[in-house]
Each structure stands twice: as C-alpha cells, then as structure tokens.
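The values are calculated or read from the model by the stated rules, or taken from the named source; none is laboratory data. None of the values given here were measured: they were computed from a predicted structure. Backbone-built Cβ (ideal geometry, glycine too); neighbour counts: all protein chains shown.
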Amino acid sequence: MPSAPDDLCRAREFRPPVGQPEYLNSLQVTAVFAISVTVLSMGLSLLLAIAVDRMIRSTRVYTTLLVWPYAVAPAVAGILWWFIFNPTIGIMPYLLGAWAMTGTTSRTRATP
C-alpha cells in the first residue's frame, strides 16, 4: 500500500494563520457583519412588535405581514416538490430515467 510523501505529513509545515493580516481582517469583517445583522434584525423585529402591540390603524397590515411566512412557506415547499417530481419537467424523473430506473423489469413483461 503506497504511503503519503513525508513532506505532506509533517506537522512543522503547518503554520497557524492567527498572526497573519488576512486572517485578522477576515475575523474583523465577520464580527462586523454578524453584529450589524443582529442589531438590524432585532431592531426591526422590535419595531414591528411594538407596532402590532399598539392599537393603530394599520394593525391588520402588520399582523398580515407577520403571519405571511407561515402561510407562504408550505406553498413554496409544495411547488418546489412539484417541480422536482413532475413527470414532464422534473429533475427526479430525468435522473431516474438516466439511470434506467423507469420501472420496466422482466416481471412486467408478458409471458408466452
């Protein structure tokens, strides 16, 4: 059994990226992005929650917007499954046909 070359397996060839400027820059960009997304999403959520909690004229609009993801997600999932398994345009029948799994076996043929 062939073994890996020695130069690929040496631990001393590994240099941890902790002190490199690219690594520190990527950590900074990741931290800024994570904090900004968290603050913006929590702030928007708090504003929507306050707007729905107060009795204002547009309470129905806000309530509809809050319930919308619960109503839309199953419909979108159903359409995606329909596109995947549709016998005419779906990817799954195409893949099964390419692998010759069309359901025709020797047991389904008529015997003489």
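Structure values in brief
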{"item": "Looking only at segment 50-62, and only at residues there that are exposed (fewer than 12 other Cβ atoms within 10 Å of the Cβ) and in a helix (DSSP H, G or I), the one that is modelled with the lowest pLDDT", "result": "ASP53"}
{"item": "Residue in segment 38-49 that is in a loop (DSSP other than H, G, I, E, B), of a type outside the set (Gly, Ala, Ser) and either in contact with a Lys or Arg (Cβ under 6 Å, 6 or more places away or on another chain) or at pLDDT below 80 (or both) present", "result": "no"}
